[in-house]
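FYI, it's all coordinate maths here, none of it is from the lab. Since the model is a prediction, treat every value here as computed from it, not as a measurement. Here the Cβ positions follow ideal geometry from the backbone for every residue, glycine too, while neighbour counts run over all protein chains shown.
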Amino acid sequence: MKVEFEIISIPVGEQKKYPTAYLEGLLKIMFNNIIFFNQSGILLIEFAILIDKWLESIKVDAFADFIFETMDNDEPIVSFEYVKADYYRIESIWKESAVVELISKEEITNAFEKYLIDLEFELKLKTGIELNKILKDSQV
């Protein structure tokens, strides 16, 4: 599993105070080089916050589902539902292809951790925004 992104819209002016709400980009999730999810207009920092919270929660509750939802949609945009023995099923309202096989928690965790590292780097490079500070503040 790969989670890739491209920053498309960087906050300007007053928006800079609220990067979580205004920094948008393209989010792509792939399995075996097949695109499962490919959507622009995604709040990349909001996605990162949910990933960070899920990574923390699975340390306590090994069977927690991951659900990415926003106020704009009635259904989850992307979800990983725990099925059995550290395996999850992925679903999305905007999927481009079906993924029938189950995905291991390790594979999801590795892809999510790489996303956080890559986003931290890109944000600092392109905007000066420190993702780790935002993630720390969101845990309070």
Let me make sure I get this right: for region 1-67, a, b and c are the square roots of the gyration tensor eigenvalues over alpha carbons, sorted descending. Under 1.5 in a/c it's rounded, otherwise prolate if a/b > b/c, else oblate. Which is it? oblate
Which entries in the list K16/K53; K53/K114; K95/K124; K84/K136; K17/K136; K16/K59 go over 26 Å, if you measure between the two C-alpha atoms of each? K95/K124; K84/K136; K16/K59
Name the residues whose placed amide hydrogens come within less than 5 Å of the amide hydrogen of E69, ignoring near sequence neighbours (fewer than 5 apart) on the same chain. I77
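Calculate, in nm to one decimal, what I8 and D61 gain on full extension: separation in residues at 0.36 nm each, minus their alpha carbon distance.
15.6 nm
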What does the net charge come to around F31 if you take all other residues with beta carbon closer than 10 Å to its beta carbon, with K and R at +1 and D and E at -1? -1
Net charge (Lys, Arg +1; Asp, Glu -1) of residues whose beta-carbon lies under 14 Å from that of K84, K84 excluded, is -2
Debye intensity ratio in log₁₀ form over the Cα atoms of region 2-138, taken at each q of 0.09, 0.13 Å⁻¹: -0.26, -0.55
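Per the helix-only calculation at 222 nm, which mean residue ellipticity applies to the chain, given -39500 (n - 2.57) for every DSSP H run of n ≥ 4 and division by its residues, nearest 500 deg cm²/dmol?
-11500 deg cm²/dmol
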